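**Student:** Before I ask anything, let me first share the structure, which is written out below as structure tokens.
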């Protein structure tokens, strides 16, 4: 199966579950701030405009417009830069 093409100027939506579908994203100020900081940092670094994002207890979803074809890179960086529980 070939990967989907990433085209500049299009909007993409991504979702990601936590490891083992466990409830790692607890609803406190520290976790919320870390989520928004890491998401904003990855979007700024890879020239993306965030339209929406949500963090639930066991998954996250974001919708962003790419100004460069770099979504797979920023998605990987955001996943790695997210602090472990």
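The values are calculated or read from the model by the stated rules, or taken from the named source; none is laboratory data. Small disclaimer: the values here were computed from a predicted structure and weren't measured. For neighbour counting, all protein chains shown are included, and Cβ atoms are generated from backbone atoms with ideal geometry for every residue, glycine included.
**Student:** Would you check which residues across the stretch 49-58 are under 11 Å from the mean Cα position of the chain (by Cα) and surrounded by 14 or more Cβ atoms within 10 Å (Cβ to Cβ) and list them?
**Tutor:** 50, 53, 55
**Student:** For the stretch 39-60, check the following and say yes or no: at least one residue is modelled with pLDDT under 80 and outside any loop (DSSP other than H, G, I, E, B).
**Tutor:** Scanning the stretch 39-60 turns up at least one residue that is modelled with pLDDT under 80 and outside any loop (DSSP other than H, G, I, E, B).
**Student:** Related question: Could you run through the stretch 12-46 and say how many residues are exposed (fewer than 14 other Cβ atoms within 10 Å of the Cβ) and under 14 Å from residue 68 (Cβ atoms)?
**Tutor:** Adding up the residues that qualify gives 1.
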